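Novice: Below you'll find the structure I mean.
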Amino acid sequence: MLNRRKFIKGGTALAASATILSCNTEDQTEKVNNPNSKEGLPISIATWGPNTAAVDAAMNEITNGKTALDAVEAGAKVPEGDPNDMSVGYGGRPDREGKVTLDACIMDAEMNAGSVSFMQNIKHPISVARRVMEKTPHVMLAGEGALKFAREEGFEEIDLLTDQAKKEYEEWLKTSEYKPKANIERHDTIGIMAIDTSNKIAGACTTSGMAYKMHGRVGDSPIIGAGMYVDDEVGGAVATGVGELVIKTCGSFLITELMRQGRTPQEACEEGVKRIAAKLKDFENYQVGFLAINKKGEHGAFAILKGFNYAINQGGKTEVFESEYLVKN
Ligand code: ASP
């Protein structure tokens, strides 16, 4: 068995593909588990340590008898409404034209899914995504169409650009260099999953996307199977980081499918990151973090770079854990 904790620096694609080839689920005897993972339900879990309030809000819904779907929506709304979280919702960093454009998606145990992308002026895109899921024949609405639908559904329009985000944007304009930074403030995109007392799973993901992206750019976060995916038979996964890498590898779907084939959540997350490493040039210059759970409430996490962490509320106990990562300098 390979030492899966040992990895890599520079020229890693070959090593990564060798690792992938050797990880045949059939002859894998020793399972790799996250040392912080244990079985236990109900559970809510989210990308980034500062999202403890979000997992607690989600668990609060569950303990009040609400569904996992209600839980992930409530959890996602916490950073969306927080102006100090500059990567999600209100207060998010704008694109290079100074516009805050939001992406979000939501999915339940019955494979219902809804999503909005490139939407402006609405504080809680996750709630609009849920309405898309529940009230339209579609999965995804974008831009003006998403905003029009939100208006029709009674959502209030507000200016999402806060003074702080505007100030930073004006500073950025001096160089106008687009260089995605890893782990900005350690509370980028929230991807959140929950399993409720009926043992049903749901997931949600919401973000203002990469700071200073091109106007019109859509990331992984509103794409079912990229930024988030849940399957009630198996579990689910969420992603954070540079969305382009996640989209190209269908990250969350890949991880969920690997768990279906028998991988632990930890093994599946590691494999998701190694797939990026094997396939995509310059991956070591970008951060991507994956988080997964199975239906027993076990979890896993893995990232390209150091610095990814996550929050969990399992049976009422809230904790933050650091994720393992691939590129050891
Ligand atoms: N995944 C998000 C995007 O690419 C950004 C992030 O997680 O910070 O839009």
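Novice: Sorted by packing (mean other beta-carbon atoms within 10 Å per residue), highest first, where do 128-134, 269-275, 98-104, 153-159 land?
Specialist: Details: 128-134: 22.9, 269-275: 26.9, 98-104: 24.6, 153-159: 11.6.
So the order, starting with the most tightly packed, is 269-275, 98-104, 128-134, 153-159.
Novice: Under a 1.4 Å probe, what is the accessible area of the stretch 237-329 per residue, stated in Å²?
Specialist: Dividing the accessible area of the stretch 237-329 by its residue count gives 33 Å².
Novice: Now a separate question. Summarise the accessible area of the chain (1.4 Å probe, protein heavy atoms) by the percent that is carbon and sulfur.
Specialist: Roughly 49 percent of what the probe reaches on the chain is carbon or sulfur.
Novice: For the stretch 38-148, report the accessible area per residue in Å² (1.4 Å probe, heavy atoms, rounded to an integer).
Specialist: I get 35 Å² per residue for this part.
Novice: Right, here's the next one. Summing -39500 (n - 2.57) over the DSSP H runs of n ≥ 4 in the chain and dividing by its residue number, what mean residue ellipticity at 222 nm do you reach, to the nearest 500 deg cm²/dmol?
Specialist: For the chain, the value works out to -9000 deg cm²/dmol.
Novice: About its Cα centre, what dipole magnitude does the chain give when the only charges are +1 on Lys and Arg Cβ and -1 on Asp and Glu Cβ, stated in debye to the nearest 20?
Specialist: Roughly 880 debye, rounded to the nearest 20.
Novice: Right, another one. I'd like the accessible area for M59: 1.4 Å probe, protein heavy atoms, all chains in place, Å² to the nearest 10.
Specialist: Solvent-accessible area, nearest 10 Å²: 10 Å².
Novice: For the chain, give the share of DSSP beta bridges that are antiparallel, in percent and rounded to the nearest 5; count only bridges with both residues there.
Specialist: Details: 47 of 53 bridges.
Antiparallel bridges: around 90 percent, rounded to the nearest 5.
Novice: Place +1 on the Cβ of every Lys and Arg and -1 on the Cβ of every Asp and Glu in the chain, take the dipole about the Cα centre, and give the residue among P50, L245, P125 whose Cα lies farthest towards its positive end.
Specialist: L245
Novice: What whole number of Å gives the distance from the Cα centroid of the stretch 32-69 to the Cα centroid of the stretch 260-320?
Specialist: Spelled out, the Cα-based centre of one part sits 15 Å from the other.
Novice: How big is the charge dipole of the stretch 235-329 about its Cα centre, in debye rounded to the nearest 20, if each Lys and Arg gets +1 on its Cβ and each Asp and Glu gets -1 on its Cβ?
Specialist: 180
Novice: What area, in nm² and to one decimal, does the C-alpha convex hull of the chain cast on average over all directions? It would help to have the intermediate numbers written out before the result.
Specialist: Details: hull surface 61.9 nm².
Mean orientational projected area (the chain, Cα hull): 15.5 nm².
Novice: Sticking with this structure for a sec: Listed here are the pairs K179/K317; K31/K200; K77/K135; which of them are more than 27 Å apart at the Cα?
Specialist: Checking Cα-Cα distances, K179/K317 exceed 27 Å.
Novice: Just to check I understand the Karplus step: with θ = phi - 60° and J = 6.51 cos²θ - 1.76 cosθ + 1.60, what whole-Hz values come out for the stretch 248-262, glycine and proline as x?
Specialist: Whole-Hz 3J(HN,Hα) from phi for the stretch 248-262: 5, 10, 6, x, 5, 5, 4, 5, 4, 5, 5, 5, 4, 7, x.
The values are calculated or read from the model by the stated rules, or taken from the named source; none is laboratory data. All figures in this text were calculated on a predicted structure; none of them were measured in a lab. Here Cβ is always computed from backbone atoms with ideal geometry, including for glycine, and neighbour counts include all displayed protein chains. Remember, those area values only see protein heavy atoms, side chains included, never the ligands or the DNA or RNA. Shrake-Rupley method; radii C 1.70, N 1.55, O 1.52, S 1.80 Å.
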